[in-house]
Each structure stands twice: as structure tokens, then as C-alpha cells.
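The values are calculated or read from the model by the stated rules, or taken from the named source; none is laboratory data. All figures in this text were calculated on a predicted structure; none of them were measured in a lab. Surface areas here come from the heavy atoms of the whole protein model, side chains and all, with no ligands, DNA or RNA. Shrake-Rupley method; radii C 1.70, N 1.55, O 1.52, S 1.80 Å.
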Amino acid sequence: MKRRDHILLVSLDLFNREGETNLTAVDIANELEISPGNLYYHFKGKEELVTELYEQFEAGIETLLQDSRSADASLEEHWLYLYVMLEHIFNYRFFFRNTTDLLHKYGGIDKRFGKLVEKQYQWIHQLLDSLLEEGLLADRTMIASRIDQLADNIMLIFTHWFQFQNLRKKSLDQHQFIQGAILQIMALLAPYLGEQQLQFMETCTELSLREKQCQ
């Protein structure tokens with residue numbers, strides 16, 4: 001692995017564990033066991049590190065959004081993309097620890113982050129529209145007037161689930177983080193699902209409960 005890539009990988013791990021606010025470039029250099037000058041040779045300070053990590057995060061989301069456009073119409077395929085999206089968010093979760101403060105601090109990514117959130121929101125909205133058109137949502141008349149609200153609530157989970165769990169002092173591993181968010185989204189959609197889709201959701205919930213009991 002190139003030194004620059006290794007620095008990014010270690011920095012991402014530190015930011016995720018400790019939070020961006022609690023770290024300095026010297027802390028990152030110490031973790032890497034290199035001098036601050038050596039770190040500065042590759043990155044001109046913490047802002048450049050955060051910006052490049054954001055570019056990685058943004059590129060990953062853009063790729064997922066693009067790939068999902070060719071996804072199958074099955075409910076399971078839609079859940080898969082929700083899962084992978086949440087997995088990617090978890091891998092860069094320090095951006096969601098306190099997003100407002102971070103974007104204020106790093107103005108260079110502020111507008112880009114806002115545009116990316118809007119693209120994700122439109123993707124969620126289109127996903128709900130497709131579920132409706134494909135008959136995977138039972139009450140077409142009732143759900144049509146609530147697509148906007150459902151999209152808002154699902155996007156809130158995408159952007160604030162980590163901060164919500166952090167405020168509750170819950171330390172979740174990747175699986176727990178994703179599973180909890182997916183079940184919350186399922187709970188939002190449950191009143192509108194057809195019998196077959198509702199059975200799929202109930203099966204997922206039962207598996208989750210069994211897993212918790214075995215822990």
C-alpha cells in the first residue's frame with residue numbers, strides 16, 4: 001500500500017473511533033509512528049485529509065446510486081442497496097457524528113455534501129415510487145400522498161442514525177448499526193406493504209430478535 005493511502009486509511013479509522021474534532025495532525029502522525037513533517041509532506045494538514053476522505057465517501061455513494069438504477073424490481077434487491085448504502089455510511093461515520101459543525105468547519109465540502117444528500121433523497125423517493133408502481137405497496141391511493149413524508153423519514157435515518165445512537169451512548173458494530181437502521185426503515189413501510197412483502201419484513205425482524213437472544 002502506498003504511504004499516502006495508508007495515511008488515509010489510518011486517519012479514517014482514527015476519525016471514526018475518536019471523532020474528527022478530538023484529533024490533531026500530530027495525533028495522526030503519532031498513530032502512524034511518523035513525524036508531523038512526514039505527514040505534512042503528503043497532506044498539508046488535517047483539512048486536506050478530511051477533504052480527501054470526503055471525496056472517497058462521495059465517490060462511493062455516487063457509484064452506488066448509479067449501480068442501483070439497473071437493479072431488479074424485487075423488494076429484496078431494493079433492501080440490498082439500502083444495506084450497502086448504510087454499510088458505506090458506517091465506514092465513513094465520522095462525517096455523521098456532528099455533521100453541521102463539521103461542514104461549518106470545512107466549508108470546501110459543505111455544498112458538495114448538501115448536493116449529495118439531495119441525490120440520496122431523490123434516490124429514496126424514486127425507490128418508493130418504483131415500489132408503488134410495481135405493486136409492492138398495498139394501498140396505492142393512500143401511499144401516493146405520503147411518499148414525500150416517507151422519503152423524508154428514511155433520509156433522516158440515513159443521515160442521523162449514527163448520531164442518534166451516539167447520543168444514547170450505544171456503541172454499535174457495523175452489523176448492529178445497519179441492521180437497526182434497516183429495521184427502522186421497514187417499520188416505516190410496514191403499514192403500506194402487501195401481504196407477501198410484509199411477511200418478508202416479519203421474517204427479517206424475527207431473525208433479528210433471535211440473533212439478539214443468542215448474543
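Observations
- Percentage relative contact order, the range 1-120, counting C-alpha pairs under 8 Å, at least six apart: 28
- Under 22 Å from the Cα of Lys169 - lysines, other chains or at least 8 residues apart: Lys212
- Amide H contacts of Phe43 (H built 1.01 Å from N, under 5 Å, at least 5 apart or other chain): none
- Computed on the range 57-192, with alpha-carbon pairs under 8 angstrom and 6+ residues apart, the relative contact order is 31 percent.
- Accessible-area composition of the range 50-184, carbon plus sulfur, in percent [1.4 Å probe]: 50
- Spatial separation of Cα centroids for the range 135-178 and the range 13-48, in angstrom: 33
- Computed lengthening from Glu133 to Lys119, 0.36 nm per intervening residue step minus Cα-Cα distance: 3.0 nm
- Distant-in-sequence amide contacts of Leu193, defined by a placed amide H-H separation under 5 Å and a gap of 5 or more residues or a different chain, comprise Ala138.
- Proximal lysines relative to Lys105, as straight alpha-carbon distance under 19 Å, when same-chain residues fewer than 8 apart are discounted: Lys44, Lys46, Lys115
- Per-residue 3J(HN,Hα) values for the range 76-91, derived from phi via the Karplus relation 6.51 cos²θ - 1.76 cosθ + 1.60 with θ = phi - 60°, read 4, 5, 5, 5, 4, 5, 4, 4, 5, 4, 5, 4, 5, 4, 4, 5 Hz in sequence order (x marks Gly and Pro).
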